[in-house]
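Trainee: Can you keep this structure in mind? I'll have questions shortly.
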Amino acid sequence: MRARATTRYAALFGASLLALTGCLAGPAPAPAPAADAGAEPEFSGTLSILTKFAGDPLSPYFEDLAAAYERKHPGVRVELIQETDQSIKDKAKTLTASNALPDIYFTWAGNWADNFVRGGRAADLTEVIGPGTAWGKTFSKPSLSAFARKGKYYGIPLYNNGKFLGYNKAAFAEAGVEVPDTFEELTDSCADLREAGYEPVAFGNKDGWPALHYLQQLFAYHVPAAVREADHHPGTAVFDDPGYLTALRQFKTLVDSCTDTRGGTNGVLYTSAQEAFARGKAAMYYQEILEFDSTTSGGSLEPKDLGIIPLPAPRGAKGDPKVIEGAPEGYLVNARSPRAALAVDFMKFVTGPRNAATLSSPPYGQPSAVVGAVTPKTSSKAVFEGIEKVNRAPALVGWLDMVTAPEVADAWLAGGEALISGGMSPEKVLESVRRASESAK
């Protein structure tokens, strides 16, 4: 039962992939003219949007934007479908399968977005957001290119993101622990932090993907980039680099040494781990930049006590010790939407300088992909520091469950949980991934 739960996202997106390629049972979508995203918008009718901003403190952001846009254009009604990081995966699958995607919908970069592009569900926005356009020039080049495919641009980047180890400076001082420079120093510090009364690393893996964030960063440290890139694609994957096993073993060491295994990590929500860190119960929490302001708003952790570092690289790692895990996230326009031009106008409004600065500021803390929106004045110290580190990194490594085929993501999700519980050895996990990759060819 538990193993099935962890693979829920990948299995659902596997169904979504079939929907995108027209293989699901049921009627295929009726032929429709390509969306004319570059046309003059007609300011009338209902514009529907699927966001990943449900819940506090995020939901008011799009609610306020929708209300402001409606005031500016009284003939337009904006209909919001707000989902969470986890529920949006199910919602996207359902809407895709029923050919009912809204006019604008959230996407991750990587294979997730590519599936919509390949399936003809994402409008070609090159004419309006390509690098040479006025709108395109407002975004950072890496965030814009993250949603490009074969020279065409499909996505509207909303914010940049990266993964960092957040630590409580006060907890470290109380325990007499130095900020770790290496992965080995990180795991060695956990005994002292536990002795001081803290859960060393808050970790909740009920949804499966939090484990993959650790694994992908460790893979980047241990496996050369060219090898990882080839292994992301079933047609070229072999998974024979010894760095994979090294990374899997080190992740298991971290789980056993630094997390509260008595609480059943696989049964703990990642939001519960976030709350433990925010309440000062845990000394560290591996988190995205998007979470920085949430962990310091309303809890015991003060902004001045939040420190951030990349997950420390292990000694002697043979990959790239300076890369950071992360990717921009954004929105696609439905290729069949009769309101594509209106959708573009709304997203131009969303990504305008004032709204981009608001997005980057507390309580939202979502670092806008718009150039100049994240500054020491607009953003919290941690968010600004995180984005500066992302911008200086030689490369970003994308989320493991977003850069590969759904079947392979499924195997990683199940394997990560089994590794945590002791149900599978690192060797068995890697073998299950190889089999999944072979079957996905």
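The values are calculated or read from the model by the stated rules, or taken from the named source; none is laboratory data. The shown structure was predicted, so the numbers you read here are calculated from the model rather than taken from an experiment. All Cβ positions, glycine included, derive from the backbone under ideal geometry; neighbour counts span all protein chains shown. In case anyone asks, the SASA skips ligands and DNA or RNA and just uses the protein heavy atoms, side chains included. Shrake-Rupley method; radii C 1.70, N 1.55, O 1.52, S 1.80 Å.
Trainee: If you go through region 53-79 one residue at a time, how many are open to solvent by 50 Å² or more (accessible area, probe 1.4 Å) and either assigned to a strand (DSSP E or B) or at pLDDT 95 or above (or both)?
Mentor: 8
Yes/no per residue for (1) of a type in the set (Asp, Glu); (2) under 30 Å from GLU195 (Cα atoms):
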| residue | (1), (2) |
| --- | --- |
| LYS206 | no, yes |
| ALA220 | no, no |
| ASP240 | yes, no |
| LEU245 | no, no |
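Trainee: May I ask you to verify whether LEU50 is open to solvent by less than 40 Å² (accessible area, probe 1.4 Å) and either in a loop (DSSP other than H, G, I, E, B) or closer than 24 Å to ARG149 by Cα (or both)?
Mentor: Taking the combined requirement at face value, the residue satisfies it.
Trainee: Would you mind finding the one in ALA273, ALA283, ALA278 that is open to solvent by less than 30 Å² (accessible area, probe 1.4 Å), of a type in the set (A, V, I, L, M) and under 15 Å from GLY55 (Cβ atoms)?
Mentor: ALA278
Trainee: Across region 314-334, which residue is surrounded by the most Cβ atoms within 10 Å (Cβ to Cβ) among those that are part of a loop (DSSP other than H, G, I, E, B) and in contact with a His (Cβ under 9 Å, 6 or more places away or on another chain)?
Mentor: Applying the filter and picking the extreme gives GLY319.
Trainee: Any residue in region 250-265 that is open to solvent by less than 20 Å² (accessible area, probe 1.4 Å), within 28 Å of VAL177 (Cα to Cα) and among the polar types (S, T, N, Q)?
Mentor: Checking region 250-265: at least one residue is open to solvent by less than 20 Å² (accessible area, probe 1.4 Å), within 28 Å of VAL177 (Cα to Cα) and among the polar types (S, T, N, Q).
Trainee: Let me ask something else about it. Pull up region 208-258, narrow it to residues that are acidic (Asp, Glu) and free of Cβ contacts under 8 Å to residues at least 40 places away in the same chain, then point me to the one that is farthest from MET284 (Cα to Cα).
Mentor: Looking at residues that are acidic (Asp, Glu) and free of Cβ contacts under 8 Å to residues at least 40 places away in the same chain, I get ASP240.
Trainee: Which of the residues that make up region 380-397 are under 14 Å from GLY162 (Cβ atoms), of a type in the set (Gly, Ala, Ser) and touching a helix residue (DSSP H, G or I) at 6+ places or on another chain (Cβ under 8 Å)?
Mentor: ALA382, GLY386, ALA395
Trainee: Let me confirm something: among LYS137, LYS206, which residue is over 22 Å from the mean Cα position of the chain (by Cα) and open to solvent by 50 Å² or more (accessible area, probe 1.4 Å)?
Mentor: LYS137
Trainee: Restricting to region 94-129, give me the number of residues that are closer than 20 Å to ILE81 by Cα and among the β-branched types (Val, Ile, Thr).
Mentor: The number of residues fulfilling the criteria is 4.
Trainee: If you don't mind, another one. Could you check region 188-306 for helices (runs of 4 or more DSSP H) lying wholly inside it with 1 or more residues that are among the polar types (S, T, N, Q)?
Mentor: Hits in region 188-306: 209-222, 243-258, 270-278, 292-295.
Trainee: Checking THR259 against (1) in contact with a Gly (Cβ under 7 Å, 6 or more places away or on another chain); (2) more than 30 Å from VAL374 (Cα to Cα), only one condition comes out false. Which one?
Mentor: THR259 satisfies every listed condition except (1).
Trainee: Can you tell me which residues in region 181-203 are under 21 Å from LYS318 (Cα atoms), open to solvent by 10 Å² or more (accessible area, probe 1.4 Å) and not hydroxyl-bearing (Ser, Thr, Tyr)?
Mentor: The answer is ASP181, GLU184, GLU185.
Trainee: Within region 145-157, how many residues are without any contact (Cβ under 8 Å) to a residue 60 or more places away in the chain and either on the phi < 0 side of the Ramachandran plot or of a type in the set (A, V, I, L, M, F, W, C) (or both)?
Mentor: Total meeting the criteria: 5.
Trainee: Working carefully through the options PRO303, PRO338, find the one that is surrounded by fewer than 17 Cβ atoms within 10 Å (Cβ to Cβ) and over 30 Å from LEU186 (Cα atoms).
Mentor: Going through PRO303, PRO338 in turn, just one is surrounded by fewer than 17 Cβ atoms within 10 Å (Cβ to Cβ) and over 30 Å from LEU186 (Cα atoms): PRO338.
Trainee: Name the one entry in VAL223, VAL268 that is within 22 Å of TRP399 (Cβ to Cβ), surrounded by fewer than 22 Cβ atoms within 10 Å (Cβ to Cβ) and either touching a Pro at 6+ places or on another chain (Cβ under 6 Å) or not acidic (Asp, Glu) (or both).
Mentor: VAL268
Trainee: Can LYS441 be described as closer than 27 Å to PRO234 by Cα, among the basic types (Lys, Arg) and touching a residue at least 24 places away in the same chain (Cβ under 8 Å)?
Mentor: yes
Trainee: Of the residues in region 116-164, how many are farther than 30 Å from PHE183 by Cα and in a helix (DSSP H, G or I)?
Mentor: Of the residues in that region, 13 qualify.
Trainee: Here's another thing I want to ask about it. Give me the pairs, please: first residue somewhere in region 172-195 and within 15 Å of GLN250 (Cα to Cα), second residue anywhere and open to solvent by 60 Å² or more (accessible area, probe 1.4 Å) and assigned to a helix (DSSP H, G or I), beta-carbon distance under 6 Å, and either six or more positions apart or on two chains.
Mentor: From residues that are within 15 Å of GLN250 (Cα to Cα), the pairs are THR187/THR253.
Trainee: Also, I was wondering about something else. What residue, of THR46, THR107, is of a type in the set (Ser, Thr, Tyr), within 30 Å of THR295 (Cβ to Cβ) and modelled with pLDDT of 90 or more?
Mentor: The unique qualifying residue is THR107.
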